[in-house]
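Okay, so here's the structure we're looking at.
The values are calculated or read from the model by the stated rules, or taken from the named source; none is laboratory data. Here the structure is a predicted model, which is why all the values come from computation and not from measurement. Here the Cβ positions follow ideal geometry from the backbone for every residue, glycine too, while neighbour counts run over all protein chains shown.
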């Protein structure tokens, strides 16, 4: 059963790493890039990137949460309490990220997607992007610590 906990934690870690990498790119590269372009360019690029992100990123996002939850359950059921605790903390961080994303980022994504598709620039485009940017470091940190949690789960499952 240790192998099952390991496999599940690896799946959770890999799926989490996809989101972590994306959010880290947003924080370190895209945020300053958007600050250096005009509103029309920013709206078009942000809208298109969110259109693809909203369509494609739910797969690793859902996989990380499901694999994380099953990792928690399997670790506790197999007597790997320490691994279960680290996986549970990682899962809690992912769920916190999900709440932030759904309440703050996703509504802004939808505005930019619609604007990009219609060829218009929202009057408050900069304010919207600043609001989106205001939580990207936190989102990346939550994903990064969750990734670390799943890695620790691997180490503790074998202990």
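Taking each residue of region 71-98 that is surrounded by fewer than 22 Cβ atoms within 10 Å (Cβ to Cβ) and looking for partners that are not in a helix (DSSP H, G or I) with beta-carbon atoms closer than 6 Å, six or more apart or interchain, yields 78/1. Among the residues of region 117-136, those identified as on the phi < 0 side of the Ramachandran plot and assigned to a loop (DSSP other than H, G, I, E, B) are 120, 121, 122, 123, 124, 134, 135. Only one of the listed residues (124, 133) is surrounded by fewer than 16 Cβ atoms within 10 Å (Cβ to Cβ), modelled with pLDDT of 95 or more and under 17 Å from residue 46 (Cα atoms). That residue is 124. Can you confirm whether residue 37 is assigned to a loop (DSSP other than H, G, I, E, B), at pLDDT 95 or above and either closer than 14 Å to residue 94 by Cβ or in contact with a helix residue (DSSP H, G or I) (Cβ under 8 Å, 6 or more places away or on another chain) (or both)? Answer is yes for this residue.
To keep it simple, each residue is scored yes or no on (1) in a helix (DSSP H, G or I); (2) within 12 Å of the chain's Cα centre (by Cα); (3) farther than 21 Å from residue 129 by Cβ.
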{"position": "9", "(1), (2), (3)": "yes, no, yes"}
{"position": "32", "(1), (2), (3)": "yes, no, no"}
{"position": "65", "(1), (2), (3)": "yes, yes, yes"}
{"position": "73", "(1), (2), (3)": "yes, no, yes"}
{"position": "82", "(1), (2), (3)": "yes, no, yes"}
{"position": "92", "(1), (2), (3)": "yes, no, yes"}
{"position": "108", "(1), (2), (3)": "yes, no, no"}
